[in-house]
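Before any comments, here is the structure.
Rule-based calculations on the coordinates, nothing more; no lab input. All of these numbers come straight from a predicted model, not from anything done at the bench. Note that we place each Cβ from the backbone using ideal geometry, even for glycine, and neighbour counts take in every protein chain shown.
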């Protein structure tokens with residue numbers, strides 16, 4: 001099972017949950033700032049460590065290989081176990097936002113396109129989709145009902161924006177509901193400008209609390 005840490009909502013009793021998946025070499029420590037930046041007191045947060053140790057942090061798959069797919073599939077299975085466990089704890093998937101940065105974005109998209117339950121939304125930041133053609137042939141029954149937000153930086157020298165742009169076009173052409181935003185940023189989160197877009201997307205996933 002993946003190691004995770006729950007940061008409870010300020011407003012107790014909420015079942016609304018946002019799960020954040022970090023990028024290569026990072027950990028849950030790199031996202032402790034995120035709940036305060038989001039300013040959504042009714043939202044719980046689950047920060048998750050990837051399974052493999054990587055230079056003081058963790059990784060979701062081995063990027064230095066000709067075929068990342070086996071590592072992605074292994075981590076997808078672990079992520080599905082985590083999602084199932086959160087459902088059992090009282091956090092229904094339909095009230096859960098799954099988000100991630102870089103490798104975490106890839107894993108977010110992997111789950112959003114394949115997990116058999118509908119999310120409140122999926123947020124992919126500065127990443128891409130593994131085996132896009134295969135994924136489109138193996139979509140979950142609810143994949144076209146999912147809400148996706150994908151963001152990327154025009155100055156990203158780590159994960160090329162061109163590849164992700166093309167993938168977003170292909171996803172949209174296949175009937176996936178993907179909202180796309182570009183920011184003048186490198187391989188990072190672009191401060192309040194980008195957080196604002198994420199915040200509004202998250203709010204829209206919870207129609208009963210819009211405006212709070």
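Laid out as a table, the results:
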{"item": "Members of segment 76-97 found to be surrounded by fewer than 24 Cβ atoms within 10 Å (Cβ to Cβ) and over 22 Å from residue 138 (Cα atoms), listed by number", "result": "85, 86, 87, 88, 89, 90, 91, 92, 95"}
{"item": "Count - residues of segment 33-52 that are touching a residue at least 24 places away in the same chain (Cβ under 8 Å), over 17 Å from residue 95 (Cα atoms) and outside any strand (DSSP E or B)", "result": "5"}
{"item": "Which listed residue is under 16 Å from the mean Cα position of the chain (by Cα), surrounded by fewer than 19 Cβ atoms within 10 Å (Cβ to Cβ) and closer than 19 Å to residue 189 by Cα, from 100, 124, 30", "result": "30"}
{"item": "Qualifying residue in segment 88-95 (condition: without any contact (Cβ under 8 Å) to a residue 12 or more places away in the chain, under 21 Å from residue 115 (Cβ atoms) and not in a loop (DSSP other than H, G, I, E, B))", "result": "yes"}
{"item": "Filtered residues of segment 53-67 (kept if surrounded by 18 or more Cβ atoms within 10 Å (Cβ to Cβ) and outside any strand (DSSP E or B))", "result": "60, 61"}
{"item": "Subset of segment 167-192 [at negative phi and loosely packed, with under 13 Cβ neighbours inside 10 Å]", "result": "169, 173, 184, 192"}
{"item": "Any hit, segment 124-131, residues being farther than 25 Å from residue 25 by Cα and either touching a helix residue (DSSP H, G or I) at 6+ places or on another chain (Cβ under 9 Å) or part of a helix (DSSP H, G or I) (or both)", "result": "no"}
